[in-house]
Structure formats: structure tokens, C-alpha cells
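Chemist: I have a structure here, written as C-alpha cells, and I will follow up with some questions on it.
Laboratory data are not the source of any read-out in this text; all were calculated from the coordinates shown. This is a predicted model, so every value here is computed, not measured. Reconstructed Cβ throughout: ideal geometry from the backbone, glycine too, with neighbour counts over all protein chains shown.
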Amino acid sequence: MSVYAVNKVCRRLVHEPELRAALAASPQSAEAALRAAHPPLSEDEVRQLLAGDVGALSQAGCNHFLMSQLGRFELFGLDLREEAARVRAAHR
């Protein structure tokens, strides 16, 4: 798993509205956008992002602040409250 690749995608959400739109449009569009990311995401990372599994990503070492952008922009079934709850639950 490349923590850097996940962190990079999350950072890009702030600066690239077209990426946010692609991730929010449909599951197929989101998957295509994640598979086109550079640096490339692993299969596990793509699967975990699509599932909103920020708990597993957190345990792998992904940056909590950057992942909070997923909740901020309400991607992958997350909002800020749910994103934080999943991260906390993963570390109990």
C-alpha cells in the first residue's frame, strides 16, 4: 500500500474540482478517476476508498487531515461526522 498515493488523491480534492466531480458523479466514474490517479493506487486502496473505509486507510498510515477532505466533500458515503467515527472505531 502506498500511503503517499492516497494522501495525494485526498489533497487533490481541495484543488481540483473536476476530480471531486468525477468521484461524486457515479461509482463507475469514481472508480475510473481513482484508477487514473498518479501515483497509482493499489487495488486495496481503490477498494477501500470506494467503500469509504477510512478506518483501514487510517490504520495503514494515511493522513487523517487529508482524509477528512473525503467527508468535507461528502464522497464515498462519508460526511465529516461519519469519516471521524470510522477512523475512531478503527483505532479502538
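Chemist: How long are the semi-axes of the equivalent ellipsoid of the chain, taking √(5λ) for every eigenvalue λ of the Cα gyration tensor, in whole Å from largest down?
Modeler: Details: eigenvalues 68, 42, 27 Å².
Three semi-axes, in Å: 18, 14, 12.
Chemist: Given the DSSP H assignment, sum -39500 (n - 2.57) over each helix run of at least 4 residues in the chain and divide by its residue total; what's the result at 222 nm in deg cm²/dmol, nearest 500?
Modeler: Details: 7 runs with 65 residues, N = 92.
Helix-only estimate at 222 nm: -20000 deg cm²/dmol.
Chemist: Given 0.36 nm per residue, what is the gain on full extension from Asn63 to Ala24 after removing their alpha carbon distance, in nm? Intermediate values should be presented prior to the final figure.
Modeler: Working: separation 39, 0.36 × 39 = 14.04 nm, distance 2.13 nm.
Additional length available on full extension: 11.9 nm.
Chemist: Please report, in debye to the nearest 20, how large the charge dipole of the chain is about its Cα centre when each Lys and Arg carries +1 at its beta carbon and each Asp and Glu carries -1 there. Could you put the intermediate results ahead of the total?
Modeler: Working: 11 positive and 11 negative charges, 53 e Å.
So the dipole magnitude of the chain works out to roughly 260 debye.
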